[in-house]
Amino acid sequence: MLEIKNLHAQIAEDGTEIIRGLNLKVEQGEVAAIMGPNGSGKSTLSYILAGREDYEVTSGDILFNGESILEMDPAERAASGVFLAFQYPVEIPGVPTMTFLKTAMNAQRKARGEDELATPDFIKLVKEAAGKLSINMEMLKRPLNVGFSGGEKKRAEILQMALLSPELCVLDETDSGLDIDALKIVSDGVNALREQNRSFLVITHYQRLLEHIVPDSVHVLYKGQIIQSGDKSLALELEANGYAEIIGKAA
């Protein structure tokens, strides 16, 4: 589903190279975890996949379902089935969450040649998805993410993911700022969306998230490259021993 080939990328403003020859394959239905120390390029990778203009790809390619997405803008990537859950979701004052959700869903439906959702059908879908994430409908009447707790922001993003039904879900440190209860609710929401035709790229510092969202594969990112890959046991090894040994072997 996702194939990253010898990717090199830099900060557009000053030319600082962050991704240095990254190779990665994520199969259809796979949950792949990306781990690595601070500054290794984890969040940069998520932004590049989503198409943020702050970063410039200088060589290599990103294939999604066999087609390059490098020339697609963020809206086109979203319409094709790529979803990014941010580490720090953006607050949008003045835009009710329900309005945002309906606009996003109908924009994707239009891009796919489908009819827009009627309001009753939209509300029914939101209520069903919100109930599974313990989201109070009153929360969705507030401006998007404004005054939300960390847990509420993450639940709102998982709600977006459930409603938009993407094929590739990129979760950038979605456990950041969550207490144990919120982490479980968000993880349960993610796990409920796991299916044969949907893949996940889960970016995290910590094993604790991977106790709830159990990955099929774990990849260590360091200085813009994948330096080791393995199964879920690799995350346990990193939790116990840190990154020093693996980094030393790769040096």
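The values are calculated or read from the model by the stated rules, or taken from the named source; none is laboratory data. Just so you know, these numbers come straight off a predicted model, no measurement behind them. With ideal geometry, Cβ positions are generated from the backbone for all residues, glycine too; neighbour counts draw on all protein chains shown.
Kindly establish whether residue 95 is β-branched (Val, Ile, Thr) and closer than 23 Å to residue 190 by Cα. Considered against the rule, which asks whether it is β-branched (Val, Ile, Thr) and closer than 23 Å to residue 190 by Cα, residue 95 comes out as no. When 206, 243, 222 are screened for being under 28 Å from residue 51 (Cβ atoms), surrounded by 15 or more Cβ atoms within 10 Å (Cβ to Cβ) and among the aromatic types (Phe, Trp, Tyr), only 222 passes.
Output yes when any residue across the range 36-44 is of a type outside the set (D, E, K, R) and at pLDDT 95 or above, and no when none is.
no
Counting just the residues of the range 140-158 that are closer than 14 Å to residue 99 by Cβ and part of a helix (DSSP H, G or I), which one comes out nearest to the chain's Cα centre (by Cα)?
Narrowing the range 140-158 to residues closer than 14 Å to residue 99 by Cβ: 140-146, 156.
Right, trim to part of a helix (DSSP H, G or I) and you get 140-141, 156.
Numbers: 140: 21, 141: 25, 156: 13 Å.
The extreme case among them is 156.
For the subset of the range 163-178 comprising residues that are modelled with pLDDT of 90 or more and not in a loop (DSSP other than H, G, I, E, B), which member is surrounded by the most Cβ atoms within 10 Å (Cβ to Cβ)? The selected residue is 171. Tally time: how many residues in the range 4-32 are closer than 22 Å to residue 200 by Cα and outside any strand (DSSP E or B)? Residues meeting the conditions: 4. Please verify whether residue 87 is under 29 Å from residue 220 (Cα atoms), at pLDDT 90 or above and assigned to a loop (DSSP other than H, G, I, E, B), treating the condition exactly as stated. No, not satisfied.
In the list 101, 125, 63, which residue meets the criterion of being assigned to a helix (DSSP H, G or I), in contact with a Leu (Cβ under 9 Å, 6 or more places away or on another chain) and surrounded by fewer than 18 Cβ atoms within 10 Å (Cβ to Cβ)? I'd like the intermediate steps shown before the answer.
Details: 101 fails: surrounded by fewer than 18 Cβ atoms within 10 Å (Cβ to Cβ); 63 fails: assigned to a helix (DSSP H, G or I).
Among 101, 125, 63, only 125 is assigned to a helix (DSSP H, G or I), in contact with a Leu (Cβ under 9 Å, 6 or more places away or on another chain) and surrounded by fewer than 18 Cβ atoms within 10 Å (Cβ to Cβ).
Let's see how each residue does on (1) touching a Ser or Thr at 6+ places or on another chain (Cβ under 8 Å); (2) among the hydrophobic types (A, V, I, L, M, F, W, C); (3) surrounded by fewer than 16 Cβ atoms within 10 Å (Cβ to Cβ); (4) under 22 Å from residue 175 (Cβ atoms):
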| site | (1), (2), (3), (4) |
| --- | --- |
| 5 | no, no, yes, no |
| 8 | yes, no, no, no |
| 13 | no, no, yes, no |
| 21 | no, no, yes, no |
| 26 | yes, yes, no, yes |
| 32 | yes, yes, no, yes |
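Going through 236, 201 one at a time, which residue ends up being on the phi < 0 side of the Ramachandran plot, among the aliphatic types (A, V, I, L, M) and surrounded by fewer than 19 Cβ atoms within 10 Å (Cβ to Cβ)?
Answer to the check: 236.
Mind listing whichever residues of the range 210-251 are acidic (Asp, Glu) and within 21 Å of the chain's Cα centre (by Cα)? Once the filter is applied, which keeps residues that are acidic (Asp, Glu) and within 21 Å of the chain's Cα centre (by Cα), the range 210-251 yields 211, 216, 231.
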